[in-house]
Amino acid sequence: MATGYPGYNGMIPKENGFLSEMLLAQGYATFAIGKWHLTLAAEYASGASKERWPLSRGFERFYGFLGGKTNQWAPTLVHDSHYIDQPYSWKDGYHLNIDLADQAMRYITDLRTVAPEKPFFMYYCLGAGHAPHQAEPEWIERYRGKFDIGWDAWREQVFERQLNMGIIPRNTVLSQRPQWVRAWDQLSSEERRLYARQMEVFAGFMEQTDHHIGRVIQDLEQRGELDNTLIFLASDNGASAEGGEHGSFNECQFPNRIEPSVSENIKHIDEWGSVKSFANYAWGWAWAGNTPLRRWKRYLHQGGMSDPLIVHWPKGIKARGEVRSQYTHVVDITPTILDALGLERPTILNHVPQRPLEGVSFAHSFHDAQASTRKKVQYYEMIASRAIWADGWKAVVEQPQGEMLTEEMLQQQRWELYHVAEDFSETKDLAEQYPDKLSYLIEQWWIEAGKYNVLPLDSRMQLRMGERKPGSRPPAPRHVFEPFGSPQFEYTSVNLKNRSHSICAEVAIPDEGAQGVLFAHGSWFSGYSLYVKNDRLVYVHNYLGLQEYRVISTQTLPRGECTLAFVFTRTGEHCGHGRLLINGHSVGEGEISRTIPAVIETSGEGQCCGYDSGLPVTEDYEAPFRFTGLLRRVVVEVSPGPGEDLEGQVRAAFTDH
């Protein structure tokens with residue numbers, strides 16, 4: 001969430017060279033697979049700058065998606081530096097995890113065909129297990145009934161397994177359930193049934209993910225390359241509570257401030273995880289998923305920033321199946337790889353002087369389980385929550401998200417102190433016992449924050465999610481779209497939310513008639529579409545999957561050249577009146593009682609002219625539902641303020657024409 005300040009402008013400088021750029025210069029082939037999420041939202045559009053796309057940052061090939069998440073059944077795919085349609089439909093068995101594994105193996109095959117000995121670097125970043133949680137029924141059904149015991153009992157079982165496996169210290173104490181997570185035995189039978197199903201879906205999704213990662217590992221093994229391939233496998237972040245207390249059947253509701261309810265979710269329990277869902281589980285499972293730690297993603301207690309990491313390199317590491325507990329951070333992985341390969345960090349890369357690497361190698365721990373960490377200090381900041389680790393001690397303070405951070409609030413906030421070298425799960429706050437230690441760590445946090453451009457602190461992420469982003473399409477009153485171009489995404493599309501507007505398509509209808517989408521944005525989870533079907537003009541506004549508002553023309557379409565239009569007149573906050581016009585004449589109208597307030601698409605279902613990408617806005621048609629007549633252009637007019645007569649403008653434009 002760019003704030004415009006140096007450390008938060010959403011742009012990784014060339015002075016911070018990527019590992020891909022370093023290894024490419026050393027003769028490696030470089031591939032990126034899956035989630036990128038390192039490009040400004042304003043630069044997602046096909047016609048935008050490619051300066052921050054993968055092929056501009058040291059990767060020779062890329063196959064995946066640019067955003068933070070995408071639909072596993074219908075992703076918004078990029079191949080190298082252009083958008084593509086998915087290779088086959090979800091109806092024919094498509095799933096993103098399958099596709100990414102196939103493509104990863106294909107890249108290796110292509111390389112080995114011409115360069116059998118050339119080393120390669122592959123950045124393989126999955127959309128799983130980030131929401132949406134989606135998997136085939138056969139994976140989900142393996143877990144039916146497995147979570148009926150609930151998150152309290154399941155968490156205790158996980159804790160015992162962790163201790164027995166030695167992946168947490170023997171003296172670890174299981175942290176207490178926070179008051180905002182309800183005890184399983186206090187839930188109704190309906191709530192238990194719903195929440196158990198949510199975790200069944202997540203577990204099936206994770207096993208399916210593991211299976212397809214395994215296909216790539218097996219491919220390396222069959223090639224005889226696995227033993228000399230250095231693999232780092234890490235999870236994304238602490239388990240996510242973004243599904244809220246009850247979980248969410250449709251994640252598009254979250255950024256629009258719609259709180260899911262048990263009654264609404266239970267209607268969709270049999271579709272959870274399917275293509276009809278964009279699901280996330282309840283925060284009770286996020287809490288349990290971070291066993292034995294406190295908190296979850298977005299916060300800086302251990303549950304929000306501790307992740308498992310598997311390192312596999314049989315030819316370079318003699319140890320087998322051992323546990324390492326040295327303190328490391330994600331910034332330490334690049335120095336570790338360079339160390340393992342015997343490479344020096346370049347001081348100049350692509351003609352640009354490089355900044356020092358902040359991380360330190362932990363390759364020395366590969367061969368010595370008792371080796372000390374070389375890490376001295378590590379700061380953390382997440383939406384203005386702050387933490388710092390130093391020599392086995394950790395100070396942390398949580399900032400309420402969405403609230404404006406003030407000087408008074410900073411003075412009143414209470415920092416906590418934990419000796420995490422002895423108290424892995426942060427169960428003993430030592431702030432009052434060691435005030436001098438706490439004061440020292442707080443001072444060190446501010447030093448580190450200044451050093452790494454963390455300041456000024458900004459906790460408004462939740463308030464800012466619906467804002468237009470820097471570089472997005474300017475609020476001009478008139479926009480012209482040519483048909484069948486690449487989608488325009490949330491922050492480069494024309495913003496029609498809560499504004500009077502008109503959508504006017506100039507078409508030619510052949511004698512046999514025509515059908516298809518004229519202009520659309522979103523999917524059946526959220527969006528709107530103006531289209532022709534059964535010789536009628538139709539507009540649908542899909543309010544977050546909760547309600548469809550539909551206006552259908554009372555007249556059939558004429559043949560030949562004509563203008564088809566929809567005019568929305570705002571009558572209040574996020575509501576208004578819709579009217580359809582053919583050749584400037586009204587042919588249908590209706591009230592749209594609730595419109596999408598903030599965010600239409602969260603996974604790349606962009607604004608399209610002449611078709612509907614990905615999943616359709618409405619089940620009334622099947623995407624892409626390309627317009628079969630001649631579509632010359634679509635003109636979108638947006639009112640800068642209330643009271644403008646857009647319908648009159650449409651009529652006048654037709655008269656002039």
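No value in this document is a laboratory result; all are computed from the given coordinates. Since we're looking at a predicted model, the values are computed, not measured. Virtual Cβ from ideal backbone geometry, glycine too; neighbours counted across all protein chains shown.
Suppose the chain between S261 and E422 were pulled fully straight at 0.36 nm per residue; how much longer would it get relative to their current alpha carbon spacing? Can you show the working numbers first?
Working: separation 161, 0.36 × 161 = 57.96 nm, distance 4.05 nm.
Answer, rounded to one decimal: 53.9 nm.
Testing the spin-label approximation: label points 7 Å from Cα along Cα→Cβ at E156 and D227. State their distance in nm.
Going from the E156 label point to the D227 one covers 4.6 nm.
For region 471-576, which chymotrypsin sites (Phe, Trp or Tyr not before Pro) pass both filters: DSSP loop (anything but H, G, I, E, B) and at most 15 other C-beta atoms within 10 Å? If you can, show how the numbers build up before the last one.
Numbers: sites: F481, F484, F489, Y491, F519, W524, F525, Y528, Y531, Y539, Y543, Y549, F566, F568; in loops: F484, F489, Y491, W524, F525.
Counting only loop positions with at most 15 other Cβ atoms within 10 Å, the chymotrypsin sites (Phe, Trp or Tyr not before Pro) in region 471-576 are F484.
With r defined as the distance between the Cβ atoms of N350 and H37 and R0 fixed at 25 Å, what FRET efficiency is calculated, to the nearest 0.05?
0.65
What are the aspartates and glutamates whose alpha-carbon lies under 12 Å from the alpha-carbon of K437, with same-chain residues fewer than 8 places away excluded?
List returned: D391, E416.
State, to one decimal in nm, how far the label point of D511 lies from the label point of E15, with both points 7 Å from Cα in the Cβ direction.
Distance between the two pseudo-spin positions: 7.0 nm.
Just how large is the dipole of region 373-445 about the Cα centre, in debye to the nearest 20, putting +1 at every Lys and Arg Cβ and -1 at every Asp and Glu Cβ?
The calculation lands at about 400 debye.
Between R478 and E561, take the C-beta separation as r, use R0 = 25 Å, and let me know the FRET efficiency to the nearest 0.05.
According to the calculation, E is roughly 0.75.
Before anything else, pin down the relative contact order of region 511-621: Cα pairs under 8 Å, at least 6 apart, normalised by residue count, whole percent.
32
Quick check for you: which residues of region 275-291 have the amide N under 18 Å from the point 7 Å beyond the Cα of Y88 toward its beta carbon?
Output list for this probe position: 275.
Quick check: residue separation of N498 and T109 times 0.36 nm, minus the Cα distance between them. What number comes out in nm?
135.0 nm
Answer rounded, prolate or oblate for region 289-363, using the Cα gyration tensor with square roots of eigenvalues a ≥ b ≥ c: rounded when a/c is under 1.5, else prolate when a/b is larger than b/c, else oblate.
Oblate.
Sum up the charges of everything whose Cβ sits under 14 Å from the Cβ of Q444, counting Lys and Arg as +1 and Asp and Glu as -1, but leave Q444 out.
Spelling it out: positives minus negatives among the neighbours equals +1.
Let me check against my output: what whole-number percent is the relative contact order of the chain, with C-alpha pairs under 8 Å and at least 6 apart?
It comes to 12 percent, rounded to a whole number.
For a 24 Å ceiling on Cα separation, which of these pairs sit above it: K69/K91; K35/K297; K267/K297?
K267/K297
What order do you get for 175-185, 384-394, 600-610 when each peptide is scored by the mean count of other beta carbon atoms within 10 Å, highest first?
In descending order of packing, they fall as 600-610, 384-394, 175-185.
Once label points are set 7 Å from the Cα along Cα→Cβ at both M1 and D368, what is their separation, rounded to one decimal in nm?
Taking the simple label geometry, M1 and D368 are separated by 4.4 nm.
Under 16 Å from a label point 7 Å along Cα→Cβ of N171: give me every residue in region 407-445 with its amide N that close.
From region 407-445, the list is 418-430.
What's the magnitude of the charge dipole for region 73-147 around its Cα centre, counting Lys and Arg as +1 and Asp and Glu as -1 at the beta-carbon? Answer in Debye, nearest 20.
In debye, rounded to 20, region 73-147 gives about 280.
Nearest 10 degrees is fine. How inclined is helix 435-451 to the longest principal axis of the chain, computing both from alpha carbons?
With rounding to tens, the tilt is 50 degrees.
Compute the angle between helix 150-165 and the longest alpha-carbon principal axis of the chain, please, reported from 0 to 90 degrees and rounded to the nearest 10.
40
Which value at 222 nm does the chain reach when only helices count, each DSSP H run of 4 or more adding -39,500 (n - 2.57), with the total divided by all residues and rounded to the nearest 500 deg cm²/dmol?
-6500 deg cm²/dmol
Can you tell me the orientation of helix 96-114 relative to the chain, as the angle in degrees between its alpha-carbon axis and the longest Cα principal axis, to the nearest 10?
On a 0 to 90 degree scale, this one is about 70.
First measure r as the distance between the Cβ atoms of N534 and E271, then evaluate 1/(1 + (r/R0)^6) with R0 = 25 Å and state the FRET efficiency to the nearest 0.05.
Here the calculated transfer efficiency is 0.35.
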